[in-house]
Structure formats: C-alpha cells, structure tokens
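Report on the structure given below.
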C-alpha cells in the first residue's frame with residue numbers, strides 16, 4: 001500500500017470549497033461592514049522587546065511598574081474592540097511590579113545573577129486561558145465549565161513566574177480549543193486587530209490578537225495543529241511550536257491520558273519580536289537536562305545553512321490554494337537567504353497527502369474530553385446530529401464549531417480506523433525523510449496557512465488549510481511562524497521555518513534574520 005487520497009476526506013474538502021463559492025455573496029456583504037481602527041501606540045515602552053525590557057529593568061533604566069502600567073492601559077484601550085482578555089489580574093500585577101522594583105533596588109543580587117536566574121524579571125506576560133494559572137479562569141470557553149478556575153499553575157506557567165514574568169491576564173480560545181477561529185458561547189468572539197471583520201485565528205487567538213495590537217509583548221499559547229502559528233500569521237507576529245515533549249503540557253485543558261497527545265500538543269511562545277522566542281524557549285524547556293541538547297545559546301551562522309523551500313502542498317480542487325502573495329513572499333525569503341550565502345534549493349518531499357497523514361494519526365488519540373457526554377450520567381451521550389441541528393437553531397449549549405470538529409473526530413475524518421497502523425508507519429517514513437534532508441543544519445520554508453486572515457465564520461470552510469501546520473505536529477518537528485509583511489489588502493502574511501526534531505535553534509535563528517530583512521511586526525494603523 002502507498003499513500004493515496006482518502007476519498008471521503010477529499011470529498012468533504014470538495015464540499016467545503018463548494019460551500020465557499022455558494023456563500024461568497026454573504027461573505028462579500030460581510031466584508032463591507034464598517035470596521036474600527038485600533039488606536040495607535042503612544043507609549044514608547046510598548047515598542048521594546050521583552051529581551052530589552054528585562055535588561056533595562058535589571059539595570060534600573062526603567063521600572064517594571066511603568067512597563068506593567070503601560071500594558072494595562074493598552075489592554076484597557078483596545079480590549080473593548082478585540083474581546084481578547086477573559087480575566088485580568090491588573091491590581092496584583094502592579095503590586096508584583098512594585099515588589100520587583102524594590103527587590104532590584106535592594107541590590108541583593110547582581111545584574112548578572114538576575115539575568116541568569118530570572119531572565120524575565122519584571123516583564124509582563126499574557127497566558128492562553130487553556131494553560132492553568134492558579135486562581136484564574138480555565139473554562140476552555142465551554143458553558144459546561146463556566147466558573148471553573150485553575151487550582152494550580154501549570155508547569156510552563158510556573159516556569160514563567162519563576163523566571164520573574166508578571167502575569168497580566170488570560171486570553172480567549174474557541175471551545176475546548178477545537179477550532180482555528182476564536183469564538184465561544186461563554187465569552188464570545190475575538191477579532192483581528194488589522195481588520196475587525198476578520199478572525200485572529202485559533203486556538204491561541206486571544207493571544208495572537210493582543211500581540212498584534214501591541215497589548216502584550218510575550219505570551220504563552222498551545223499548538224495541536226497550528227494553534228500558535230496560525231494566530232501568529234493572522235496577527236502579524238511570531239510564534240514557535242517547539243519540538244514535541246520539550247515543553248510541558250501539564251496543567252493544560254483540554255488534555256488526555258493518551259501519550260500520543262504529547263506528540264501533537266505542545267505549549268510555546270507567541271511574541272512580537274523574534275529575539276524573544278529564544279528567551280522564552282530557554283525559560284519554558286521542561287527539563288533543564290534538555291537545554292544542552294537544544295543548544296539554544298549556540299550562535300547559528302544562517303549563511304551556512306541548507307535552506308529548502310516548498311511553496312504549496314500540491315494543486316488540487318479539494319484543497320485551499322496558497323495565494324500568489326504568500327507563495328511569492330516565501331520565495332523572496334528563500335532568495336534573501338541565498339543572497340547571504342545559504343545553500344538554497346526546492347524540497348522534493350511529497351506533501352500532497354499530508355492531510356491524510358495528519359488526520360489519520362490525530363484521529364487515533366484516545367480519551368479526549370467528550371463534549372457529548374452527559375454531566376449528570378457519564379454513561380449517557382447526546383446525539384451528535386441532534387446537537388448540530390439544535391446549534392443551527394441557537395438551542396445548543398455547545399458551539400457549532402466545536403460540534404463540527406467533534407463530528408470529524410466521530411467519523412475519524414472519513415478515514416477507516418483500520419488504516420491507522422498504516423498511517424502511523426507512513427508517518428515514521430516521512431519523519432525519516434525529513435531528518436535525512438534537513439540533518440542538523442537545514443531548515444524548510446513552507447506556507448503557514450494558504451490564505452491571510454479570513455472573515456469570521458469562514459474558517460470552517462477552509463479547514464483543509466491546516467494541513468500546512470498540522471503535519472509538523474504529527475511529526476513532532478519544531479516550526480516557527482515568521483511574519484514577512486502584508487498582502488494587497490493590508491493583512492499580515494508570512495511563512496513557517498521548520499527544522500528536524502531538537503533543532504529549534506535553527507528555526508529561531510532564521511526567524512531573527514528574516515525579521516531584520518522584512519521588518520517584522522508592524523503595528524496596525
């Protein structure tokens with residue numbers, strides 16, 4: 001048996017494309033709705049990277065309190081427009097910052113010791129609501145969990161606190177993170193700072209929207225199939241999906257006891273400045289014994305890398321086609337790296353069936369939270385089709401997007417479960433193919449998503465586009481979204497930089513180099 005199209009899955013993709021064309025008049029009308037501009041940034045503290053803020057706070061050039069107050073003011077200014085923050089801890093954050101400034105003034109530790117032991121001391125951070133922050137909301141955007149708060153910090157959140165970061169707020173997600181658009185029945189819809197008629201993506205959409213608007217400098221997200229990288233792209237910022245199992249998912253909701261989830265799901269940073277990805281990763285790595293292996297402090301000479309590029313996963317009437325502008329900017333990035341000395345060539349790895357590989361393996365994950373399970377009697381389950389019908393009439397307490405994703409899990413993405421061993425074997429083969437191509441000095445430039453930020457409620461008709469990110473979760477490979485500018489409509493575009501497992505530093509180094517060339521994050525105006 002060789003990899004080939006799964007006709008049920010492909011027919012579903014065909015229906016999505018057909019519906020996209022049928023709904024074009026509706027979306028055209030929606031596109032004409034008045035939009036609201038995000039207020040411009042006035043405080044220069046909001047235009048410094050977390051790396052620079054931390055350094056200046058340590059050296060007492062600036063005060064942590066001033067930085068924290070600046071970000072609180074910015075969030076209060078733009079959140080009524082974005083609806084990105086679910087719950088804040090502003091008063092506590094200000095007190096934390098005051099305590100930091102007093103501690104630094106006491107000179108109990110040298111600047112060098114502070115940098116080594118608490119590299120984020122006094123720097124504000126925001127957290128995706130699915131990542132447990134003690135005493136803060138952790139509902140996953142589900143009405144079934146209304147009022148639930150985290151009993152403890154998750155491991156990654158605890159690491160950020162121990163590094164001196166000051167938590168400002170937790171941010172919105174789709175219900176149980178089961179969508180790439182951030183909307184739920186509990187907290188509502190989050191919008192894109194570059195065009196409020198468009199989605200910020202998901203499931204780390206609240207983080208992405210805040211970051212793009214300049215209302216957060218560093219954030220913690222989670223990524224199971226593009227949930228960091230897609231919001232990073234839609235909001236014009238940077239996002240890194242680490243190598244599988246290098247950052248702990250303990251304290252994340254939803255979760256599963258199935259070890260296979262740990263190959264797909266990882267927590268990672270979303271930042272406005274590429275240099276902050278490396279700083280965040282050094283803090284977040286779950287086991288300090290991994291740090292020497294990851295060599296995050298090692299200087300990378302990008303000019304000596306082997307750079308491969310691929311502009312699309314193949315042409316097909318059932319797939320979302322990559323726009324010319326995204327293909328062109330990806331190619332421009334490759335040409336720039338070639339101009340500084342990198343060895344650049346087009347990848348020959350066949351990506352045509354990565355949607356089958358990703359879905360065929362994701363559907364095998366067991367013990368995920370079941371939206372249809374009765375809260376009163378765990379042995380009883382609601383009927384998926386009845387619930388979808390109720391949701392279309394506005395009568396269900398489960399969001400339509402979550403139900404539709406649950407339906408895809410229910411039918412295993414239209415792939416026979418008997419084929420799971422085959423797809424697991426083919427996944428191993430593809431991983432070996434990538435390792436052989438990239439080795440320890442190669443990266444792949446590849447689209448993050450085929451199109452820029454789409455209109456609200458449009459993404460379900462373009463879910464096939466997640467094949468560009470999902471495959472690297474499936475393979476456990478590190479991948480960084482790099483923002484590279486804007487399309488003709490003023491929407492952010494870019495590509496992802498992918499490396500072999502354990503070589504995250506290559507992704508981060510290329511991201512920093514491309515940021516300098518293409519300009520990186522640009523505030524919405």
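Taken over the range 303-326, residues that are more than 19 Å from residue 355 (Cα to Cα) and surrounded by fewer than 19 Cβ atoms within 10 Å (Cβ to Cβ) amount to 5. Entry remark, the range 350-375: residues being closer than 20 Å to residue 437 by Cβ and surrounded by 16 or more Cβ atoms within 10 Å (Cβ to Cβ) number 6 in total. If the condition is being part of a loop (DSSP other than H, G, I, E, B) and farther than 13 Å from residue 5 by Cα, then the range 351-362 contributes no residue at all. Being at pLDDT 95 or above, part of a loop (DSSP other than H, G, I, E, B), over 16 Å from the mean Cα position of the chain (by Cα) and surrounded by fewer than 24 Cβ atoms within 10 Å (Cβ to Cβ) holds for only one residue in 283, 300, and it is 300.
Condition first: modelled with pLDDT of 90 or more, part of a helix (DSSP H, G or I), in contact with a helix residue (DSSP H, G or I) (Cβ under 9 Å, 6 or more places away or on another chain) and surrounded by fewer than 20 Cβ atoms within 10 Å (Cβ to Cβ). Can you find one or more residues in the range 332-349 that meet it? Yes. Selection of the range 134-177 for residues being more than 19 Å from the chain's Cα centre (by Cα), assigned to a loop (DSSP other than H, G, I, E, B) and either farther than 22 Å from residue 281 by Cα or without any contact (Cβ under 8 Å) to a residue 12 or more places away in the chain (or both) yields 135, 136, 142, 146, 147, 148, 151. Count of the range 484-525 residues, restricted to those that are in contact with a helix residue (DSSP H, G or I) (Cβ under 6 Å, 6 or more places away or on another chain), part of a loop (DSSP other than H, G, I, E, B) and surrounded by 19 or more Cβ atoms within 10 Å (Cβ to Cβ), is 1.
Using the structure shown, decide if residue 436 is out of contact with any helix residue (DSSP H, G or I) (no Cβ under 9 Å at 6 or more places or on another chain) and surrounded by fewer than 19 Cβ atoms within 10 Å (Cβ to Cβ). Criteria met by residue 436.
Looking for whichever is modelled with pLDDT of 95 or more and within 25 Å of the chain's Cα centre (by Cα) here; the options are 37, 76, 17. Which one fits? Within the list 37, 76, 17, the selection yields 76.
Selection of the range 1-35 for residues being surrounded by 12 or more Cβ atoms within 10 Å (Cβ to Cβ), part of a loop (DSSP other than H, G, I, E, B) and touching a helix residue (DSSP H, G or I) at 6+ places or on another chain (Cβ under 8 Å) yields 3, 5, 6, 23.
The values are calculated or read from the model by the stated rules, or taken from the named source; none is laboratory data. Every value quoted in this text rests on a predicted model; they were computed, and no experiment measured them. Ideal geometry is used to build each Cβ from the backbone, glycine not excepted, and the neighbour counts take in all protein chains shown.
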